Amino acid sequence: MEQKFGRNSIDLQVLREFCEHEGEEVAYRKGDQMEREGDPSRWFGFVTEGCFKYVTHGISDDREHITWFSFEGEFASDYPNCLFGRPAQTTIEAMMPSRIFRVSGEQLLQWFRENGETMELRAIVAEHLLFQARRNYLDFHRTTARERYELLLRRCPGIVHHLPLVAIASFLNVTPQMLSKIRKDITFDPQQQKTLKLLSDLCPRHLFFKHRRGLFCAVSVTSPSELTLGEGHIIK
């Protein structure tokens, strides 16, 4: 299976196997909805191909806002609403032809209640989602638009080749014009690309990008899959 995007942000092999063995494989066309905002949330699944976007709408202007993506190798769900059939808080929509192994929220909840190990797994999922939501909230306060774009590229390097600029801009909460400028600013010449690759190979736990003064800046991350900004250092 070709991995178009980044690695899964949480390694839950047992949960993936449950979706594959107990669920059904469903194909979605571009634009098909897995969940619809306001309707009872029903599904939890593991994405094997493609990408899903999570969409909500502005209160006053009804403008579309993309709040998250689920890529190949990740889970997709309006969790924990799907466990209880509560109204979905976002619309989950395929951004390209996609495939997913999905189970119902009712199936998942029943499985969680089977024994102590699956109950512990439920707690791990909840802790991960809480950490993820808090990290995203903090990053909107402590990072620039460019830094958020760099982190997104680290999570899923192929995103620029498969998703439209306007969708990425919505997720980063910037205008398409600003994102276009950011992308131009971080374009390196061949020598800079070579230097960047060398730095990344030497320090895999750091994210490198070009500082406005033409130098490389290193930002520490907690792990390749759980990204959060730490202290930055200028590489002279």
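The values are calculated or read from the model by the stated rules, or taken from the named source; none is laboratory data. These numbers were taken from a predicted model, which means no experiment stands behind them. When we count neighbours, we look across all protein chains shown, and the Cβ atoms used for this are built from the backbone with ideal geometry, even at glycine.
Given the criterion within 20 Å of residue 184 (Cβ to Cβ), surrounded by 14 or more Cβ atoms within 10 Å (Cβ to Cβ) and either of a type outside the set (Asp, Glu) or not assigned by TED's automatic domain parsing to the domain that holds residue 51 (or both), identify the matching residue among 75, 171.
171
Would you check if there is a residue in the stretch 182-189 being more than 19 Å from the chain's Cα centre (by Cα), at pLDDT 90 or above, under 25 Å from residue 70 (Cβ atoms) and not assigned by TED's automatic domain parsing to the domain that holds residue 95?
No, the stretch 182-189 contains no residue that is more than 19 Å from the chain's Cα centre (by Cα), at pLDDT 90 or above, under 25 Å from residue 70 (Cβ atoms) and not assigned by TED's automatic domain parsing to the domain that holds residue 95.
For the stretch 30-73, give me the residue count where each residue is under 24 Å from residue 149 (Cβ atoms), touching a residue at least 60 places away in the same chain (Cβ under 8 Å) and in contact with a Phe, Trp or Tyr (Cβ under 8 Å, 6 or more places away or on another chain).
Of the residues in the stretch 30-73, 9 are under 24 Å from residue 149 (Cβ atoms), touching a residue at least 60 places away in the same chain (Cβ under 8 Å) and in contact with a Phe, Trp or Tyr (Cβ under 8 Å, 6 or more places away or on another chain).
Pairs, please: C-beta under 6 Å, at least 6 apart or cross-chain, first residue within 15 Å of residue 13 (Cβ to Cβ) and in the stretch 112-135, second part of a loop (DSSP other than H, G, I, E, B)?
128/10
Residue by residue through the stretch 78-99, note down the ones that are buried (at least 22 other Cβ atoms within 10 Å of the Cβ) and either at pLDDT below 95 or more than 18 Å from residue 30 (Cα to Cα) (or both).
78, 82, 88
Output the number of the condition that residue 76 fails; it satisfies all remaining conditions of (1) assigned to a strand (DSSP E or B); (2) without any contact (Cβ under 8 Å) to a residue 40 or more places away in the chain.
Result: residue 76 fails condition (2) only.
Could you check the stretch 1-29 and list, in sequence order, the residues that are under 23 Å from residue 97 (Cβ atoms) and modelled with pLDDT of 95 or more?
19, 20, 23, 24, 25, 26, 27, 28, 29
What's the number of the condition residue 62 fails, among (1) part of a strand (DSSP E or B); (2) under 23 Å from residue 173 (Cα atoms)?
Unmet condition: (1).
Restricting attention to the stretch 120-139, does a residue exist that is closer than 30 Å to residue 83 by Cβ, in a helix (DSSP H, G or I) and among the polar types (S, T, N, Q)?
yes
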